[in-house]
Amino acid sequence: MEQQSEFATLTGPVVRTASGPVRGVWRECSGTGQYRRSAAFKGIPFAQAPVGALRFAAPVPPGPWEDVLDAVADAPTPQRETLSEVTLIPAPSIPGDSTLNVNVFTPDPSGAAALPVLVYIHGGGFTAGSPASPWFDGTAFNRDGVVTVSVSYRLGFDGFGWIDGAPHNRGVLDWLAALEWVQENIAAFGGDPRQVTIMGQSAGGGAVLTLLGMPRAQHLFNRVHCVSGALADIAPERAKTIAGRLAALAGVASTWDGFAGIDELTILELQIKAQHPEGGPRKSAAMLKALLAGGLSYGPLVDGELIARPTLDSLRAGVGADKGLVMGTADDEFSMALDTAPKAMRLVPARFLLGAAGLKGAPRSAYLAANKEVAGKGSVAVLGRYITDVAFRKTVLEVCAARLAGGTAVARPTQTWLYRFSWPSGVFGRAVHCLDVPFIFDCLDSVKVDALAGPNPPQGLANAVHASAVGFAVRGEPGWPACEPGSEVTMVYDVPSSTIRDGYASTRPLLAI
């Protein structure tokens, strides 16, 4: 365990966890709300350092400690500096071995309040991202009476790669261990373990959907808030193929012992080459082709045990049907990936670009007809929207339909609320990937928000988006009607915001393929 000894002289609230006492630091809460200050406890271990014999093992609970652990600075992260540049959200990489930690933000470290709890799982394609991002600070949620927890988990091949002899889904096991820590300890921080909402964005959104479809996870949370969820559901054959490539590149056997002999930084380099045999991630055409054809290369694996079947199949069978779900995306998540496309591409008709991307025949005609407004912005805009639809927006419709079918299958009440984030960035001119996160956390004044949102993003919109997230965590109601068969009401966040029927109608033609 790595003590932050330079902070040992600080005074702050002390909370006793099941493993030992931790000391946090008080901060002021800006704005009006239920609470004027909150306490931050950073880097509390929920598992031992995943190094040595534990590197590819299931997470092991931390050993007890007697002295007060100063939890006042961000702990080591699974992300290393070589990967931090791929994230749009500021994602600090902090060196060190003890990477499996939680950050807890609470307005009541006395443990008396029993407040709702929000547990946040970061994104980053399951290969990058950091719980130490200043955007994930829970101060605004604390102000409004919600205890907030951000969690770390093993990334990339270490967290999700196929290794003969090692447990599969080590990153998923980390999520479960963190949620079990919350169940055991959050009451001491003023949280109610019976009122836990799990939230995640991008890969983190895929994580919370995966957990929603896992029977083993059902007792660990009550509600799910999915932001731009990217489901992985990696097939065993795909995982084995990528592991074989990586082993061949390293010159080792595709086994626990073989991979254990490769140092961490080497695996980080080789996992990218194994993922992109066409020539590496810098070739954007190869990346987009792989995304559209096969999806992510690392992520939750359908191993037949922990994850018995694809998530949509589990939801159709009624798993998680009794839990409320808020789900949505930004309108043009990945369109900016084409901002550097050759100018000649803009002269190619949209139907030919879509055909090259794999959309042909009647579905292509129906898709173009449903996206006339986007088509007016040019063929590259249509391709960008198509990439967004395949990677994110189609999942919203599929999950909603699966949930409605699943609720009927098990005769349970199923409530699913849909939204779109449509406010255009002042930098990109569109509602792009990650843009909604600082609005949800009500942190528009945080570092690097202007680089994504532009100057003076609308605080009124942040108030509305954040209030909906608080309402869902506190009351189980985000503030607009839930979906019913044939009536997919959608909240559209913009200036002004409004609700519309079937807000994802332009994506529906893709359900036919």
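None of the figures in this text is laboratory data; all of them are computed from the coordinates on show. These figures come from a predicted structure and were not determined experimentally. No Cβ is skipped: glycine too gets one built from the backbone with ideal geometry, and neighbour counts run over all protein chains shown.
Here are some notes:
- All lysines inside 22 Å of K42 as judged from Cα atoms, apart from same-chain residues fewer than 8 positions distant: K448
- Axial C-alpha extent at least 20 Å, average Kyte-Doolittle at least 0.0 - helices from the chain (DSSP): 236-250, 394-410, 459-475
- Dipole orientation for the chain: of the candidates W417, S98, G191, W417 has the Cα lying most toward the positive pole (charges on Cβ; Lys, Arg +1; Asp, Glu -1).
- Alpha-carbon radius of gyration plus Dmax, which is the widest Cα pair, for segment 19-139 in Å: 15.5, 49
- Computed extension gain for A366 through D164, at 0.36 nm per residue and net of the alpha carbon distance, reaches 68.2 nm.
- Computed log10 I(q)/I(0) for segment 389-428 at 0.17, 0.28 Å⁻¹: -0.58, -0.96, from the Debye equation with unit scatterers placed on every C-alpha and solvent omitted.
- Listed residue (G161, P59, L115) projecting farthest to the positive dipole end of segment 55-194, Cβ model: G161
- Taking a quarter of the surface of the Cα convex hull of segment 311-512 gives a mean projected area of 12.0 nm².
- Counting only the Cα atoms, segment 5-227 fills a convex hull of 121 Å³ per residue.
- Taken about its Cα centre, the chain carries a charge dipole of about 1680 debye when Lys and Arg each add +1 at the Cβ and Asp and Glu each add -1 at the Cβ.
- Hits among aspartates and glutamates - C-alpha to C-alpha of K394 under 17 Å, sequence gap 8 or more where chains match: D233, D313, D331, D332, E333, E488, D502
- Subtracting the Cα-Cα distance of K240 and S110 from their residue separation scaled by 0.36 nm leaves 42.0 nm.
- Sorted largest first, extent of the chain alpha carbons per principal axis (Å): 67, 58, 49
- Cα-Cα separations in segment 343-447 greater than 18 Å, expressed as whole percent: 62 percent
- With the simple spin-label model, which puts each label point 7 Å out from Cα in the Cβ direction, the A73 to R27 separation comes to 1.6 nm.
- Gain upon complete extension [A58, R16; 0.36 nm per residue less C-alpha separation]: 12.6 nm
- Helices in the chain, meaning DSSP H runs of at least 4 residues, each add -39500 (n - 2.57). Divided by all residues, the mean residue ellipticity at 222 nm is -9000 deg cm²/dmol.
- Here's the picture: charge each Lys and Arg Cβ at +1 and each Asp and Glu Cβ at -1 in segment 311-512, and of F352, V326, G479 the one pushed furthest to the positive end of that dipole is F352.
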